[in-house]
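The block underneath contains the structure these notes are about, expressed in structure tokens.
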Amino acid sequence: MGDYGMLADGDQVLVAVSGGIDSLVLAWLLKTWQDKAPVSYTVHGIHIDMEPVAGQPGTTASTVSSLLESLSIPCRILPVAWKPSREMLQADKPKDVCFKCARSRRSQLFAHADRHGYGTLALGHHRDDIIETFFLNMLHAGNLSTMVPKQELFSGRLALIRPLAYLDKKEVECIGEKLGLRAVRSYCPLSENTRRRDTHQVLEHIYKLNPDAKKHIFAALGNVRPDYLLAPMNRDLHADPS
């Protein structure tokens, strides 16, 4: 919170809660920190309902809403704006499905925050997510970038914050267990059969070979030496040479 100046006095914070243990712990953290923080802010939850039923919240959405109410956090449920067609899922293009699904949900969150005057959107990404995103972008997009703990968008009208950025997934799960929080099943069109899962498995293998690797990789993301990287390329290495 302090390193990145995540919150300021009077902030209205919208916390995105999927139902996973990461977002549930984040919601608890933001609510609990209100009593300790040197600033005053509000917290409201939002859930994108991936499985609405006849115009009503689905089982997962209703459970998430109840969990947030038990934490004294009001929750707004939005029916998902986009879901992949059966043809798209059968076309075996998981990259396209993941990209469009994530972009649609992100657009819904941004639009809701803007419409209702929220200046801060809190997301439950942790250290493992940040490292995995770095490798995903490097391996599949050909660039060196990742999620950052705080990012300002739309000329500063909205700030994305990731208060769990310094915690490992296992640490977040440990906190959730101590709090008695249980993850709620969330719908994934690809049943989690994604490039992120594959990247996670590769990194887990690296960590087994070198137990200090995760610590060093995370440190490297803040210790960039541009003089020892290549100059931007003027040609597309992926293009057909013919």
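Miscellaneous remarks
- Filter result for SER186 (exposed (fewer than 15 other Cβ atoms within 10 Å of the Cβ) and either farther than 22 Å from VAL17 by Cα or in contact with a helix residue (DSSP H, G or I) (Cβ under 9 Å, 6 or more places away or on another chain) (or both)): no
- Considering only residues in the range 40-83 that are modelled with pLDDT of 95 or more and in a loop (DSSP other than H, G, I, E, B), the one that is surrounded by the fewest Cβ atoms within 10 Å (Cβ to Cβ) turns out to be SER72.
- Options ASP128, ASP198: the member that is modelled with pLDDT under 95 and either of a type outside the set (Gly, Ala, Ser) or not in a loop (DSSP other than H, G, I, E, B) (or both): ASP198
- Annotation: of all residues in the range 109-128 being in contact (Cβ under 8 Å) with a residue 60 or more places away in the chain and out of contact with any strand residue (DSSP E or B) (no Cβ under 9 Å at 6 or more places or on another chain), the one that is nearest to SER18 (Cα to Cα) is HIS125.
- Close pairs from the range 138-162: first part of a loop (DSSP other than H, G, I, E, B), partner among the basic types (Lys, Arg), Cβ under 7 Å, at least 6 apart: MET147/ARG162; PRO149/ARG162
- Selection count where residues are in a loop (DSSP other than H, G, I, E, B) and touching a residue at least 60 places away in the same chain (Cβ under 8 Å), scope the range 1-16: 7
Here's the yes/no breakdown for (1) modelled with pLDDT of 95 or more; (2) over 21 Å from LEU230 (Cα atoms); (3) out of contact with any helix residue (DSSP H, G or I) (no Cβ under 7 Å at 6 or more places or on another chain):
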position: PHE134; (1), (2), (3): yes, no, yes
position: THR146; (1), (2), (3): yes, no, no
position: LEU158; (1), (2), (3): yes, yes, no
position: CYS174; (1), (2), (3): yes, yes, yes
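- Where ARG105 falls short, out of the listed (1) touching a Gly at 6+ places or on another chain (Cβ under 6 Å); (2) at pLDDT below 95; (3) buried (at least 18 other Cβ atoms within 10 Å of the Cβ): (1)
- For the residues THR59, THR42, the requirement of being out of contact with any helix residue (DSSP H, G or I) (no Cβ under 7 Å at 6 or more places or on another chain), among the polar types (S, T, N, Q) and over 20 Å from GLY124 (Cβ atoms) singles out THR59.
The values are calculated or read from the model by the stated rules, or taken from the named source; none is laboratory data. Given the structure is predicted, the values throughout are model-derived calculations rather than measurements. Note that each Cβ is placed from the backbone with ideal geometry, even for glycine, and that neighbours are counted across all protein chains shown.
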